[in-house]
Every structure is written in structure tokens, then in C-alpha cells.
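The values are calculated or read from the model by the stated rules, or taken from the named source; none is laboratory data. Please read all numbers here as calculations on a predicted model, not as lab measurements. Every residue, glycine as well, gets a Cβ built from its backbone with ideal geometry; the counts of neighbours run over all protein chains shown. Accessible surface is based on the protein model in full, side chains and every heavy atom, while ligands, DNA and RNA are left aside. Shrake-Rupley method; radii C 1.70, N 1.55, O 1.52, S 1.80 Å.
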Amino acid sequence: MADALNTGLTAKQRAEIAASLNKVLADSYALYLKTHGYHWNVRGPNFQSLHVLLEGQYQEEWAALDDIAERIRALGELAPQGYAAFGNLSSIKDGDPEGDWEAMLTELKADNETVIRTLREAFPVADDAGDEATADLLTQRLQAHEKHAWMLRSTLGGK
């Protein structure tokens, strides 16, 4: 099916871009699940503000998953689906709901940084192919995750 597309990108370029986006999607999905889970399970004297902070982040992450998967499909490739597929692609581990709020936010900060690195690794693939649409998507996601990491870092008392 991918070979039938005539969009200025070769089938090989589309497959390589989609492969890099598969990793972005998997890491993004794992981060979404962890953020949502920590939203449910966060505890402590700052509960309300942390609950709201994490809700805003997981909602933004959820909306982005569709954009990433649809970009993979627009390239003529199939998006990965299912926990096993995402688990094989993602480098983000499940969270521990028993942790305290600081441990949760520390993990989420580190996980956002992981997604940032995954996004940065995908840029050269899109750039080398001249795929501005994917580069734009990656830029938008990079900005969002840098903001999430900053908010988590600031909440933890860091710069």
C-alpha cells in the first residue's frame, strides 16, 4: 500500500520516518499512561495543585497521540497498536502508584526528557527526507514536552 503513494517521498523514506514516529508514539503513549495513573494516585499536602497539573499534562498528551498515529498513516504505514507493541518500542517503564508525590514528579520529569530525546532522534530522519510535515509535528511535540518537564522541574523546586 505504501508504494502507491506519490507525495515526493520514496517508500523507503516514508518507512524510515514512520519507524522513528513509531518510537515517538510508543514513548508518548507510555508517558500518557503514567501521567494519567499518577494523576489518579498522587497524594500529599499539594494534592489539588498536583492533580490539576497532571490532568492538564495527560489531556494534552492524549490529544497528541492521535496526531502522531495519523502522521504515520499519512505516510502510508500502519501505526503500532496494543500494549505489547508499545512495550517493545518504548523505553519508558511503568510507574509505581505507591511512590510519594516527589517520586512521581521526578519520574515524570525524567520521562518527559526521554520523550524529548526520542523526538530529537526523529528529526534527522524527517529532515534528511525533506519531510516538513513530520518536522513540524516533532517541533510541536518537543515544545510541549519541554514545557511539561519545566513545570515538573519547577514544582520539584529546580530551575
- Message: Quick check on segment 31-121: what does the Kirkwood estimate of hydrodynamic radius come out to from the alpha carbon pairs, in Å?
- Response: 14.3
- Over segment 35-85 - Rg/Rh using Cα atoms and the Kirkwood inverse-distance radius: 1.18
- Message: Can you compute the helix-only [θ] at 222 nm over the chain? Use -39500 (n - 2.57) per DSSP H run of at least 4 residues, normalise by all residues, nearest 500 deg cm²/dmol.
- Response: -26500 deg cm²/dmol
- Taking a crude spin-label model, label points 7 Å out from Cα along the C-beta direction, the residue 7 to residue 150 distance in nm is 3.1
- Would you mind getting me the FRET efficiency between residue 100 and residue 65? Use the beta-carbon distance for r and R0 = 35 Å, nearest 0.05. 0.80
- Item | Global geometry of segment 72-153, whether rounded, prolate or oblate, following the gyration tensor of its Cα atoms and the 1.5 cut on a/c | oblate
- Note on the structure: Probe 1.4 Å, heavy atoms of protein chains only: per residue, the accessible area of segment 38-106 in Å² is 59
- Query: Where the accessible area of the chain is counted over protein heavy atoms with a 1.4 Å probe, how much of it, in %, is carbon and sulfur?
  - Reply: 53
- Note on the structure: The extension gain from residue 110 to residue 136, computed as 0.36 nm times the residue separation minus the Cα-Cα distance, is 7.0 nm
- List the relative contact order of segment 44-159 as a percent without decimals, with contacts defined as Cα pairs under 8 Å and 6+ residues apart. 27
- From the Cα centre of segment 9-83 to that of segment 119-159, the distance in Å is 12
- Ranked from highest to lowest mean number of other Cβ atoms within 10 Å per residue, what is the order of the peptides 141-148, 19-26? 19-26, 141-148
- Message: Given R₀ = 25 Å, what would the calculated FRET efficiency be for residue 43 paired with residue 143, taking r from the Cβ atoms and rounding to 0.05?
- Response: 0.25
- So what is the relative contact order for segment 1-105, in percent, with contacts set as C-alpha pairs under 8 Å and at least six apart? 41
- Restricting to lysine pairs 8 or more places apart or on different chains, what number in the chain have Cα atoms under 28 Å apart? 15
- Query: Once you put a point 7 Å from the Cα of residue 73 and another 7 Å from the Cα of residue 127, both along the Cβ direction, what distance in nm separates them?
  - Reply: 3.0
- Rg to Rh ratio, the chain, alpha-carbon atoms and Kirkwood radius? 1.03
- segment 95-104 - phi-based ³J(HN,Hα) in whole Hz, Karplus 6.51/-1.76/1.60, Gly and Pro as x: x, 10, x, 7, x, 7, 4, 5, 5, 4
- Taking the Cβ-Cβ separation of residue 117 and residue 55 as r and a Förster radius of 22 Å, what is the calculated FRET efficiency to the nearest 0.05? 0.30
- At q = 0.17, 0.19 Å⁻¹, work out log10 I(q)/I(0) for segment 1-61 with the Debye formula, treating every Cα as an identical point scatterer and leaving solvent out; two decimals please. -0.65, -0.71
- What is the extension gain from residue 159 to residue 93, computed as 0.36 nm multiplied by their sequence separation minus the C-alpha to C-alpha distance, in nm to one decimal? 21.2 nm
